[in-house]
1. Hey, what did the chain get for relative contact order, percent, Cα under 8 Å, at least 6 apart?
2. With each run of n ≥ 4 DSSP H residues scored as -39500 (n - 2.57), what mean residue ellipticity at 222 nm is computed for the chain after dividing by its residue count and rounding to the nearest 500 deg cm²/dmol?
3. Measure nothing fancy, just the Cα-based angle from helix 145-169's long axis to the longest principal axis of the chain, in degrees from 0 to 90, nearest 10.
4. Over the range 1-130, what relative contact order in percent results from Cα pairs under 8 Å that are six or more residues apart?
5. So, in Å, what gap is there between the alpha-carbon centers of the range 175-235 and the range 13-58?
6. Over all directions, the average projected area of the alpha-carbon convex hull for the chain comes to how many nm²?
7. If the cut-off is 17 Å between C-alpha atoms, which lysines fall inside it for LYS85, apart from same-chain ones fewer than 8 positions away?
8. What FRET efficiency would be calculated for the residue pair THR211, ARG12, taking the C-beta separation as r and a Förster radius of 30 Å, to the nearest 0.05?
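Coordinate-derived values only; no laboratory data. Since the model is a prediction, treat every value here as computed from it, not as a measurement. Heads up, the Cβs are rebuilt from the backbone with ideal geometry, glycines too, and the neighbour counts pull from every protein chain shown.
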Amino acid sequence: MAVRALDDSQCRAAKYAAVAYLISFVTVVLVNFGIFARLIVRGNPAETARNILAHETLFRIGIVGDLVYCMGVVVLLTALYVILKPVDQNLALLAAFGRLVYAVVWALVPLNLFTAVRLLSGADYARAFGPDQLPVLARLYLTGFDQYYVGLLFWSLASTICAYLWFKSGYVPRALAAFGLLGSAWCAACTVALFIFPTFPTIVNLWWFDTPMALFELALSFLLLFKGLQTPLAA
């Protein structure tokens, strides 16, 4: 394998990618588990509506957090493209496109959340739908489950391509890249299985879909942040 000399733009992009991923990861975890999980009560639209109206500012902060996450994804995909373009420009572009689709799909989540809070706080909607129907209608806009897994398919495919390019490049330890390749392909396969077989989560827990891939991306981000890219050795 030919040695691919690193340039300054790739080294800078590695730091940007690490920071963007870590900030995005922390943001989405805090927003969804620290805010939305507290306010949205599964199976109880009325209680959910009361929680949102009682903590509307907190709910809106959560929406802003989701938008910050989307922006972080865009920064990440751009930085990864800069790093991996010298390895294979076409595959790097395809991976960037996959993450862009994910970002667009994820952007629909805050849009739906804005719609939900508008329904709950608008007096005109309350008169039109009534106190019993309105929380149920708003609850339809509060689930990001379907959107997340549609986007996850594109993210996992992009991550699979990137892991292959990481392995091919030698910019990071190949053992880590191989783990990422397997974990990302596993996530893509599980997501497709979920679409075809709705009962698939009874066989494989939903948490196990993306956990290996997330561990790879976290490890990769810390590696890039503290050690940077390594110069590949000739085979």
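1. That works out to 27 percent.
2. Estimated from H runs of four or more residues: -27000 deg cm²/dmol.
3. Between the helix axis and the principal axis of the chain, the angle is about 10 degrees.
4. Over the range 1-130, the number comes to 30 percent.
5. The distance from the Cα centre of the range 175-235 to that of the range 13-58 comes to 23 Å.
6. Working: hull surface 55.5 nm².
In nm², the orientation-averaged hull projection of the chain is 13.9.
7. LYS15, LYS168
8. 0.50
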